[in-house]
Amino acid sequence: MADLKTFYMGYELKNPIILSSCSLSKNIDNLCQAEDSGIAAIVLASLFEEVIKNELGVVSDTFHPEAYEYGVDSSMLSYGATKYIDLVKEAKKRLNIPVFASVNCIDSEVWIDFARSIEDAGADGLELNISYISFQVDDNPRDIEDKYVEIVEKVKNKLNIPISVKLGPYFTSIPNMVKRLKDVGADAVVLLNRYYQMNYDFIEDKYVPINYFSGDKECYNVLRWVGIVSSQLDIDIAATTGFHTAKQIVEALYMGASSVQLATIFYKKGLVYAKELLKEVNEILEKQNCSSIKDIKGKAVDSFEEIKALERVQYMEYLNKASEG
């Protein structure tokens, strides 16, 4: 048996599989099943900033774009801040694996003090799912990036537990963004977030959500950026979005990820499927004559030429080969 232990956010995990923040992770029975199935850590279903503001009596005209990820009826928005604290406490009482809380946030003012309550409840870490996205032509892109840095810096100054930041793909320079977050204290990053997608139904005259679940080809853009970031920065990376197979999990490790966050595959096949994934990961490592994850982590980006291959976004060489064939 290969040694599947890895380190993420300061914790030794028994393997690299983490249950991503989703509606599956808001139920204590699911969390217990996840641990029984071999999952190494949990990211609890996200608490939305709007919920905290509502309980604190703060009126806001903003709405987090990822609220819809938890169901079209937005049922998670009724999952109050007080109940969230209770979930953290119960999870820590029942589980023996790390439990990371998650906050979906847009600005840094109202909810930061509440984050202390999450820490006091026993959370092993906090994942910040920041979605301060620009939709206005007058918005300065640098100001958007500064907002992310400001949020992380303020949270880090208030809390003692590790902080991870879940980032989407919409930055001019993802590596620079990660560096700036690391410089103000981020312990890890989660790459790459998958935002709510919608379409306009002209027959019903309304907007409708689409592509609720990730596709198994979406991981390859994630793998590229995991490799590019891990080759330049010493920071823990959790790969997420589109990872459905053991092979893809191993590929993320080769690219330098410390762990992989999964959700869609567990919706489709159940949390118990983690056992099969772990079995297959172990088999792959044994076939590669690898005794541990340490043997493969970051191996795909050891050389400058390998990194340059990841950075190549054009495909003339591929087209030339196709025309020759």
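The values are calculated or read from the model by the stated rules, or taken from the named source; none is laboratory data. Computed from a prediction, not measured in an experiment: that's the story for all the values here. For neighbour counting, all protein chains shown are included, and Cβ atoms are generated from backbone atoms with ideal geometry for every residue, glycine included.
Of all the criteria given as (1) within 23 Å of Met177 (Cβ to Cβ); (2) among the hydroxyl-bearing types (Ser, Thr, Tyr); (3) more than 14 Å from the chain's Cα centre (by Cα); (4) modelled with pLDDT of 95 or more, the one not satisfied by Ser258 is (3). The residue pairs whose first member lies in the range 224-246 and is farther than 17 Å from Val281 by Cα, whose second member is part of a loop (DSSP other than H, G, I, E, B) and of a type in the set (Ser, Thr, Tyr), and whose beta carbons are closer than 7 Å, counting only pairs six or more residues apart or on different chains, are Asp236/Ser258; Ile237/Ser258; Thr241/Ser214. Return yes when Glu286 is modelled with pLDDT under 95 and either surrounded by fewer than 13 Cβ atoms within 10 Å (Cβ to Cβ) or touching a strand residue (DSSP E or B) at 6+ places or on another chain (Cβ under 9 Å) (or both) and no when it is not. When the stated conditions are applied, Glu286 does not pass them.
For Tyr207, the criteria (1) modelled with pLDDT under 95; (2) of a type in the set (Phe, Trp, Tyr); (3) closer than 15 Å to Leu167 by Cα hold in every case but one, which is (3). In the set Thr264, Thr241, which member is crowded, with 19+ Cβ neighbours inside 10 Å and in contact with a His (Cβ under 9 Å, 6 or more places away or on another chain)? On inspection, the qualifying residue turns out to be Thr264. You will find that of Ile130, Ile112, Ile144, the residue that is free of Cβ contacts under 8 Å to residues at least 60 places away in the same chain and crowded, with 20+ Cβ neighbours inside 10 Å is Ile130 and no other.
If you go through the range 10-30 and pick out every residue that is surrounded by fewer than 23 Cβ atoms within 10 Å (Cβ to Cβ), in contact with an Asp or Glu (Cβ under 9 Å, 6 or more places away or on another chain) and not in a strand (DSSP E or B), you end up with 4. With respect to Glu50, determine if the residue is among the charged types (D, E, K, R), part of a helix (DSSP H, G or I), in contact with a Ser or Thr (Cβ under 7 Å, 6 or more places away or on another chain) and modelled with pLDDT under 85. It is true that Glu50 is among the charged types (D, E, K, R), part of a helix (DSSP H, G or I), in contact with a Ser or Thr (Cβ under 7 Å, 6 or more places away or on another chain) and modelled with pLDDT under 85. I'm checking my understanding of the structure. Among residues of the range 292-319 that are among the polar types (S, T, N, Q) and at pLDDT below 95, which one is nearest to Leu253 (Cα to Cα)? Residue satisfying both the conditions and the ranking: Ser303.
Checked against the criterion of being at pLDDT 95 or above, touching a strand residue (DSSP E or B) at 6+ places or on another chain (Cβ under 7 Å) and closer than 20 Å to Asp216 by Cα, the candidates Leu271, Leu278 yield just one match: Leu278. For Tyr207, the conditions (1) assigned to a strand (DSSP E or B); (2) out of contact with any strand residue (DSSP E or B) (no Cβ under 8 Å at 6 or more places or on another chain) all hold with the exception of (2).
The number of residues in the range 116-161 that are among the aliphatic types (A, V, I, L, M), touching a Gly at 6+ places or on another chain (Cβ under 8 Å) and in a loop (DSSP other than H, G, I, E, B) comes to 2. Listed conditions (1) within 25 Å of Cys22 (Cα to Cα); (2) out of contact with any Ser or Thr (no Cβ under 7 Å at 6 or more places or on another chain); (3) hydroxyl-bearing (Ser, Thr, Tyr) are all met by Ser173, apart from (1). Just to verify a result, which residue in the range 168-204, among those that are part of a loop (DSSP other than H, G, I, E, B) and in contact with a Lys or Arg (Cβ under 7 Å, 6 or more places away or on another chain), is farthest from Ser258 (Cα to Cα)? So the residue we want is Val184.
Starting from residues that are charged (D, E, K, R) and loosely packed, with under 11 Cβ neighbours inside 10 Å, keep the ones in the range 202-216 and report whichever is nearest to Thr240 (Cα to Cα).
Lys206
Of the residues making up the range 247-262, those that are in a helix (DSSP H, G or I) and in contact with an Asp or Glu (Cβ under 6 Å, 6 or more places away or on another chain) number 0.
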